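Scroll down for the structure; my scribbles are underneath it.
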Amino acid sequence: MDLNIVGETAAIATSCIWTISSIFFTSAGKKIGSLGVNAYRTVMAVGFLVLTHMILLGSFLPVATSAQWFWMGLSGVIGLSIGDSGLFSLCSDWSPPVTSADGFGSNLRGCGRVPDAQGNHPSI
């Protein structure tokens, strides 16, 4: 099989899944709030991760040192808690295409942390 076709197919599938998930997260965020969506999604993701780890490796948790657990935990708090909460909040307030197209800079601008190109701090 041609590897270019595999890569292109994976890229298109990823784009489609990303688009569909942002629409679902926006709808759910408007119904139960961004914090509820983030909490539910995180619990589901951890559950699937533990299940997959158990099936593939035979244990619920990976073997790691205390330092590795610390850095993994810190990464999870920053990325899954703070970052995704901001993203889901923006998805609830703005439309999914705007949130997805503008990317990380808009997430920070939407939180009032970074001004846009004209120096404005937009309010949502």
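Points worth noting:
- With respect to the conditions (1) at pLDDT below 80; (2) surrounded by fewer than 13 Cβ atoms within 10 Å (Cβ to Cβ), K31 falls short on a single one, namely (1).
- When residues of region 1-20 are limited to those that are modelled with pLDDT under 80 and either within 20 Å of I82 (Cα to Cα) or over 17 Å from the mean Cα position of the chain (by Cα) (or both), the one surrounded by the most Cβ atoms within 10 Å (Cβ to Cβ): W18
- Neighbours by Cβ (under 7 Å, 6+ apart or cross-chain): first from region 35-49, under 13 Å from L87 (Cα atoms); second part of a helix (DSSP H, G or I): L35/S85; V37/F25; V37/A28; V37/G29; V37/F88; N38/D84; N38/S85; N38/F88
- The helices (runs of 4 or more DSSP H) found wholly in region 1-91 and carrying at least 1 residues that are in contact with a helix residue (DSSP H, G or I) (Cβ under 6 Å, 6 or more places away or on another chain) occupy 3-32, 34-57.
The values are calculated or read from the model by the stated rules, or taken from the named source; none is laboratory data. Worth saying up front: this structure is predicted, and the values here are computed from it rather than measured. For neighbour counting, all protein chains shown are included, and Cβ atoms are generated from backbone atoms with ideal geometry for every residue, glycine included.
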